[in-house]
Each structure stands twice: as C-alpha cells, then as structure tokens.
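Below you'll find the structure, written out as structure tokens, and then a few comments.
Bear in mind these aren't lab numbers, they're just calculated from the coordinates by the rules spelled out. Because the structure is a prediction, the values reported are computed rather than measured. Quick reminder, even Gly has a Cβ in these numbers, built from the backbone with ideal geometry, and neighbours come from all protein chains shown.
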Amino acid sequence: MTESPLTIPIYDGSLVSVRSTGSSMTKAQLTTGLARRKAEPEPKWKSGELPSKYQCPSCSNYLRFPVQFEDCGHYVCSSCLPDIMRVASRCPTCQVPISKDKLVNDKTLQKDIQSLEVYCTNKDKGCDWDGTLRDFPVHFETCGFISVDCLNGCGAKFEKRFMNKHQKDDCPKRTVSCEFCKTSIIFEDEIPHLNVCTEFKIPCPNQCSTEEYPRGKMQDHLENDCTKQESPCPFNECGCEYRGHRPDIEKHMKEAPGIHLNMAGKTIALQKKLLQLYEERSNEQKNWIEILARKVNGLEKNYGAQYIWKIDHYSERLQEARSNKKTTLFSPPFSTSRHGYRLALSICLCGDGKAKGKNVSLFICICRGDYDSLLTWPFSHRVTFTLLDQCEDPDNRRHITYAVKPNVCKENRPFLGRPITDRNASFGAQKFTDLDAMSTLEYIKDDTIYIKVEIDNEEMVPI
C-alpha cells in the first residue's frame, strides 16, 4: 500500500498519491480490492435508501474514505481507486480522464457519511440494533443474527446467537463424558465407544443370572463365579480330559481323588526331570554368556588400546637428528578405543635435552578428540613404550620396555588435562634407551624400527 505524505491510504496495486484538503489524518487499516469491498455487509439506512451523493459509482456501496477527482468533482472509494486507475483511468460517473496528481481525500464528506443513521443488516431477522454508520462494523462483529460455521467443524451453519445451544446439545462433534467410564469422547463416537467400554455392563453370555457385569470383569466372572460356564478339570494339565459346569467339576473332583493323585505324581516326576534338564541347559548357556562377555570386553578394550609405529629410513632420520635438521619425529594420531582418548607419539632418535647424543627419547602427547567431553580428566592411565626386537625366532626376542604412570597433580595439568589446543605438551621417557643399544640384537632391521605403545585401560570408565 502506497501512502501520500499526508497519510491518506492508497491500496495495493496503486501508484497514486493523493492531496488532502485537511490536516494530516491517522492511518486506517482498510480492506483491499474492489471485490472484497462489494462483499462487505451493508447496513439498512434509516432514510430508506442511501442518497446518491454518498454512493460510490464503482462498487455501488457507501463511499468509504472518499477520493474526489478534481477535474470533474465526482467521488469514488479509496478501495475502488486502484482498479479504476489500472484499467481505464477515467471517472466511472462521467468518463472524464483522471490524473493521479489531481485526487483529493475529502475528510468532511467522510465524517458526514460515517454519521448517517442505520439499522443492522439483519434487521429483517430480528436484530433491533440501530446507530450510526461509524458504529455499525463494531456491532456487526458481535451481532447474534449473522450466520456462522460450527467451531467443531461439523459443517452446520446457524445464527451466532444459537452457538451455545448447538455446541451443548446439537453438534455431533461435541465432547461428552461416557456415563460408565467417565472418559471424554466425541458424541458421534459414543456408540462405537460403548461397544468396547470396559465399564459398560453386559449380561452373562451363559445367562447364569439376571445380573449384569462390567465388560472388563466378565472374563473373571466366567472363570471364577459363573455356574453355567463349562471348564476343564483342574488336573487337565496332568492328563485329565473331563469338562463340565462348575457344580459338576466339584462332584468330579470328589469322585476321583486317587486317579488325580496318580496323575499329579507322574506330572511332578516328569516336571522334575524337565527342570533338571532346564537347569543343566541354563548353566551351560550361562557359561557361554560369560565366555562371550569376556571376549567382547577384551575386544572392546583392545580396540586401539595399543599402537605400533613403524619408522623406516632409520639411518637417514638418525643423521637428520644428529645434524639438528629434524630432531623430532611424530606418529599419526591414534585412539585408545573407538570413542577414547586421542594420542600421538614423538621420538628424538638422537635424544632430547640432557639425553642428547646419549639416549633415544620417546614421548606421548594427548591430542584434542571428538569425544573429549565424554572422557574422564585428567588422563591417568599407565603408558608402556616398547622397542620391538625383530628376531625371526619369537622366543629369542628381547624387547626394550619403559612404563610411565602419570602423576595427576596440579602441575601436570598442561600434560594430562583436557586439550584446549590441538595437542598438549608431551611426557614420557627422556632416557628411553642408550643410543648404543639400538645397534645391538635386531632392533634395526631393513633400516626400520618398530615402537609399540600400550595404554592400560582397566580403570577407564566406559562410555
């Protein structure tokens, strides 16, 4: 909607600006479009008919926010103006061409029209309201004689004043309470509900008496109280095939105690054998479950709990370390389990710090991982480093091992706490093994060494 500097509303689709004959006016919330304007309810005029000077020639309704054409002096509604400008740009009364620059909002005429005395549109239906046109829209919104649709969506139409009665007594979609189970249901569903309601009373199907029972308790009546219900002998499970009514069952029980006792004895003996077989099978299954549980637990813990780092081109890398060209090598990151700690190894082949030139230094660091928020901090699990002997005979291998148990004191938080950067500072064995020991046995083979690291996860809290 476009508006003039003097705040007269011009509706969607119009590019018209209007000059007002009075001072600025408050913005109004108007219905857009000629079609909707024609659909608005029109009151009944106390004078009998609407005077032609107050009638819009375009929509034939009363002038609402009248706009005057300066060239010819005729009026139209503001809501009709956009269609007129878009289609013909001529006055609908005299067909004189009109210009968007020569339009005036007539406030005085608007006040005169709004002061006209009217009756309600529904006067013929019985509404006795009368007043001014200004008050008519407010009344019409609450008029009890307008047609409305049922709020429950049943499809009924009626005058608004009958809404309460329809909602309470007539609407098939109104909510009612079941008189038996007190459940809230839709009225049109009442009969299907009563067909399954557990509290609805029904007669015994065996017609044992004139008394009625709640549907939900009928089965209990048939099994325990009904004198006409045919049932099997209590020793049916033991092999007795007799069936009869409750009084007959009692008589049958008194006449055949020996037979029933013999059946019961045989059944007990059979059940004892079956129970023994069941216990044996149950114990066997229990043992298998324990074995499988241990295997699963072991597999879960071993997944990623150890890592072997292959370092090739050892001679070249050692020379680079001695010449300070590349003193430290880093392994790819690995995890202690599928969702565990993320770690990485680092090695100084020519030593680090005070061990430089004398020992091989081996370290580990904690890297930032995807599951850190689920893990326990600080890291406190024993780490075991192993330089693997590559001797072909496994019985003659002499691995070099070094274990580190982290001290979770406050000073070691930069090493063991949850990483806030890509990785923490490294910790481990500055004097892992002598440099001279590397050339003994078969720690170096095909110019390659292997470093194994194991993480003790016995005390790790499972996720």
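Where the centroid of each part is defined by its Cα atoms, how far is segment 77-93 from segment 375-449 in Å? About 91 Å separates the Cα centre of segment 77-93 from the one of segment 375-449. For the pair segment 205-257 and segment 149-172, the centres of their Cα atoms are 52 angstrom apart.
For the chain, adding -39500 (n - 2.57) for each run of n ≥ 4 DSSP H residues and dividing by the number of residues yields -7000 deg cm²/dmol at 222 nm. Rounded to the nearest 10 degrees, what's the angle between the helix 257-302 long axis and the longest principal axis of the chain, both from Cα atoms, 0 to 90? Tilt of helix 257-302: around 80 degrees. Quick check: net charge around Ser323, other residues with Cβ under 12 Å of its Cβ, Lys/Arg +1 and Asp/Glu -1? That sum, taken over residues with Cβ under 12 Å, equals +2. Summing +1 for each Lys or Arg and -1 for each Asp or Glu among the other residues whose beta-carbon sits under 10 angstrom from that of Ser209 gives -2. Summing +1 for each Lys or Arg and -1 for each Asp or Glu among the other residues whose beta-carbon sits under 13 angstrom from that of Ser380 gives +1. Taking GluC sites (Glu not before Pro) as exposed when DSSP calls them loop and at most 16 other C-beta atoms lie within 10 angstrom, the chain has its longest site-free stretch at 242-391. Model label sites at Asp456 and Glu188, defined 7 Å from Cα along the beta-carbon direction, differ in position by 7.5 nm. Between His339 and Asp395, what is the label-point separation in nm under the 7 Å Cα-to-beta-carbon projection? With each label point 7 Å from Cα toward Cβ, the separation is 4.5 nm. Taking the charge dipole of the chain about its Cα centre, with +1 at Lys and Arg Cβ atoms and -1 at Asp and Glu Cβ atoms, the residue from Gly258, Gly216, Pro41 reaching farthest to the positive side is Pro41. Cross-linked pairs Lys325/Lys356; Lys44/Lys157; Lys326/Lys358: Cα-Cα separations exceed 20 Å for Lys44/Lys157.
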